[in-house]
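S.K.: Quick one: this structure, given as structure tokens, is what I'll be asking you about.
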2 protein chains.
Amino acid sequence: MDVFTAIKERRSCRKFLSEPIGEDTIEKILEAAIWAPSPLNLQPWEFIVVTKAEVKEKIFSEAERCRKWGLEKSGWKWLESYKVDFLQSAPVIIAVVGDPKKTGLDMFLEDGGVGYQHACAAAIQNIHLAAHALGLASLWFTLFDKAAMREILGIDPAKMPLALVCLGKAGGESHQTRRKDIKEKTTYIR
Amino acid sequence: MDVFTAIKERRSCRKFLSEPIGEDTIEKILEAAIWAPSPLNLQPWEFIVVTKAEVKEKIFSEAERCRKWGLEKSGWKWLESYKVDFLQSAPVIIAVVGDPKKTGLDMFLEDGGVGYQHACAAAIQNIHLAAHALGLASLWFTLFDKAAMREILGIDPAKMPLALVCLGKAGGESHQTRRKDIKEKTTYIR
């Protein structure tokens, strides 16, 4: 699939078919992920591929807990009916974990280094594009507490669970979104 | 160009030809950038397209200052001879600026929201891939002080300059990098 097509067509999905994804497909997607650039090529990412129902259930419960927390904190009404059951139905969840020690020169900044997070986010975008090109839908999910997710997935306390990427065949229409025109977003200094 | 080809072929470049890039090409690249996903589709990115030599010179001076700061802080010898003159020679520098207010539910977290930064990083990855598909080389550069960059580019103090993306025709071999095997980076919970 053409790169521009993949970039423009890909949408977030919140409803997945339970049909499993082969590990060869997962590997193709992760092979795309790791070609993201990173500070000093430190490759600060790690991937935990979750297919076990029991663990997906724990992730779902944690997201539900955070949804309620979010509703209370924000007062945003849409959170009342926001369903996170895609965490149960998606056949695969890839947890993307970053290593704060692999961040390059920004580790010496006062506010700490986040370069490793940016690199992981670029890897996540590659995951989305690769998945779309392979006929899979995806969702970038971050509504969880880092400490809780470390416990659920057995992650080293020194590392940062940054996102859960749900993958699977779409079980309905993708979530349609629009974009503001680039003219509203761009300034030229000529 | 195929999306997997773009993802796997694209490399960082540190030497650019001065040959200008048409604004139609810049627009194609930014049109790819804005199709990145973002929390609640808030589209937290803004782009400043710099082609003016005088401003590139100021950016170069700031990077040089930070290089010296980095060398002093880190003691990393390679910084002694690290040239940042691509900031002068690249025909285009796109500053990617994020809006911390457009970050979604993580704004209520204790350690503050960085979701908007992740979205901007995904947009940057789209820029890299689109540029590569259009025959252009690119570099993701972050060695600058945020306050200094705000002053140089006239950025609202409430917004975050996250990266400078240099773009142009490659003026030599791209910087070759390897990747660790995905097996070293992946755990399965089946």
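The values are calculated or read from the model by the stated rules, or taken from the named source; none is laboratory data. Note that this is a predicted model, so its numbers are computed, not measured. Using ideal geometry, Cβ is built from the backbone for each residue, glycine included, and neighbour counts are taken over all protein chains shown.
S.K.: When only residues in the range B:85-130 that are out of contact with any strand residue (DSSP E or B) (no Cβ under 6 Å at 6 or more places or on another chain) and of a type in the set (S, T, N, Q) count, which is surrounded by the fewest Cβ atoms within 10 Å (Cβ to Cβ)?
M.R.: Only one residue tops the list, namely B:Q88.
S.K.: When you look at B:G135, is it modelled with pLDDT under 95, on the phi > 0 side of the Ramachandran plot and part of a loop (DSSP other than H, G, I, E, B), yes or no?
M.R.: The answer is no for B:G135.
S.K.: A:L143 is checked against (1) over 21 Å from B:Q43 (Cα atoms); (2) within 12 Å of chain B (Cβ to nearest Cβ) and fails just one. What number does that condition carry?
M.R.: Answer for A:L143: the failing condition is (1).
S.K.: Let me ask another. For the range B:167-190, name all the residues that are polar (S, T, N, Q), in contact with a strand residue (DSSP E or B) (Cβ under 9 Å, 6 or more places away or on another chain) and not in a strand (DSSP E or B).
M.R.: Once the filter is applied, which keeps residues that are polar (S, T, N, Q), in contact with a strand residue (DSSP E or B) (Cβ under 9 Å, 6 or more places away or on another chain) and not in a strand (DSSP E or B), the range B:167-190 yields B:S174, B:T177.
S.K.: Go through the range A:104-113 and count every residue that is at positive phi and outside any loop (DSSP other than H, G, I, E, B).
M.R.: Total meeting the criteria: 1.
S.K.: Right, next: Out of curiosity, is A:K68 charged (D, E, K, R) and buried (at least 18 other Cβ atoms within 10 Å of the Cβ)? Steps first, answer last, please.
M.R.: Values: charged (D, E, K, R): yes; buried (at least 18 other Cβ atoms within 10 Å of the Cβ): no.
Here the answer is no, as A:K68 does not meet what is asked.
S.K.: Same structure, new question: Mind checking which helices (runs of 4 or more DSSP H) fall wholly inside the range A:1-103 and carry at least 1 residues that are at pLDDT 95 or above, closer than 30 Å to B:I29 by Cβ and at the interface with chain B (Cβ under 10 Å from one of its Cβ atoms)?
M.R.: A:3-9, A:23-33
S.K.: Follow-up question, since we're still on this one. Within the bounds of the range A:26-36, is there any residue that is in contact with a strand residue (DSSP E or B) (Cβ under 6 Å, 6 or more places away or on another chain) and under 30 Å from B:Y82 (Cα atoms)?
M.R.: no
S.K.: Now a separate question. Among the candidates B:R179, B:R190, which residue alone is of a type in the set (D, E, K, R), closer than 22 Å to A:P39 by Cβ and at pLDDT 95 or above?
M.R.: Details: B:R190 fails: closer than 22 Å to A:P39 by Cβ.
Residue meeting the stated conditions: B:R179.
S.K.: Moving to a separate point now. Search the range B:131-174 for residues being closer than 30 Å to A:E110 by Cβ and of a type in the set (D, E), and hand back the single one that is surrounded by the fewest Cβ atoms within 10 Å (Cβ to Cβ).
M.R.: Here the answer is B:D156.
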